[in-house]
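The values are calculated or read from the model by the stated rules, or taken from the named source; none is laboratory data. Computed from a predicted model, the values in this text were never measured in an experiment. Counting neighbours? That spans all protein chains shown, and the Cβs are built from the backbone with ideal geometry, glycine included. Note: areas computed on protein heavy atoms with side chains; ligands, DNA, RNA excluded. Shrake-Rupley method; radii C 1.70, N 1.55, O 1.52, S 1.80 Å.
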Amino acid sequence: KQEVTQIPAALSVPEGENLVLNCSFTDSAIYNLQWFRQDPGKGLTSLLLIQSSQREQTSGRLNASLDKSSGRSTLYIAASQPGDSATYLCAVSGNQAGTALIFGKGTTLSVSS
Amino acid sequence: GAVVSQHPSRVICKSGTSVKIECRSLDFQATTMFWYRQFPKKSLMLMATSNEGSKATYEQGVEKDKFLINHASLTLSTLTVTSAHPEDSSFYICSAPGTTKGTYEQYFGPGTRLTVT
């Protein structure tokens, strides 16, 4: 059974720092991996999607990498801002297209000004 | 981009009543949709897979008679919480895989917060 682990569970940084959020998964047979942001009491905002054949994806100050064989992904946030404060969730699909996502417990990020 | 809507966004009901939550894919068709629930300060847990034209597939530990799922069309899935109890209070969220670009990215609805009093 797939298990997704995110480290650290919580992170506090001053504004401007670059930071890395880690995600690991036990079964490397995935179709894709998605990173989401969730603000308190809100739904999910999709940040990045990485296909199993890809190594990384970038969007603005965000860069996500994927090492499928080792079951690891990282989300790099450059020049963090207070508005980045949220919970970041990593989720992996099954090994077939269109299958459900299995989520990690998330990393709660707090960026202070 | 693909959009998934959910209705209602918030609902408060009394213990023992039933509540229906709708999940719609607005600009694409979805033969499969997924239902998740999230307890406060916890992650999302997959409840069931909703299949258009056939029975839903429930995850282990999810009561299918309590959480009724109907996938009535290629754009609509409903989750009915029957005989709701306070422990059913949670954030329910649905998703559907988009097939454009071949990525099968999961698109999530905004969620429904259920409070059972």
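Laid out as a table, the results:
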{"quantity": "1.4 Å probe, heavy atoms, protein only - residues of segment B:18-52 losing at least 10 Å² accessible area vs chain alone", "calculated": "B:PHE34, B:TYR36, B:GLN38, B:SER43, B:LEU44, B:LEU46"}
{"quantity": "Estimated FRET transfer efficiency (A:ARG72, B:THR115; beta-carbon r; R0 41 Å; 0.05)", "calculated": "0.60"}
{"quantity": "Cα-based Rg of segment B:1-64 normalised by 2.2 N^0.38 Å, two decimals", "calculated": "1.26"}
{"quantity": "Two-site label geometry, B:THR57 and A:LEU19: point separation in nm, points 7 Å out along Cα→Cβ", "calculated": "3.7 nm"}
{"quantity": "Ratio Rg/Rh, restricted to the protein assembly as shown and using Cα atoms, in which Rh is the Kirkwood radius", "calculated": "0.97"}
{"quantity": "Placed amide H near B:THR75: partners under 5 Å, 5+ positions off or other chain", "calculated": "B:ALA30"}
{"quantity": "FRET efficiency, A:SER110 to B:LYS41 (Cβ-Cβ, R0 22 Å, nearest 0.05)", "calculated": "0.90"}
{"quantity": "Area buried, chain B against chain A - accessible surface, total, 1.4 angstrom probe, square angstrom", "calculated": "1400 Å²"}
{"quantity": "Per residue accessible area in Å² of chain A, where ligands, DNA and RNA are left out and the probe is 1.4 Å", "calculated": "47 Å²"}
{"quantity": "Simple spin-label estimate for B:ARG10 and A:SER59 in nanometres, 7 Å along Cα-Cβ", "calculated": "2.7 nm"}
{"quantity": "Rounded percent of accessible protein surface that carbon and sulfur make up, chain B, 1.4 Å probe", "calculated": "52 percent"}
{"quantity": "Loop-resident sites, segment A:1-71, for trypsin sites (Lys or Arg not before Pro), counting at most 11 other Cβ within 10 Å (DSSP)", "calculated": "A:LYS1, A:ARG55"}
{"quantity": "Surface/4 estimate of mean projected area, convex hull on alpha-carbon atoms of chain A, nm²", "calculated": "6.6 nm²"}
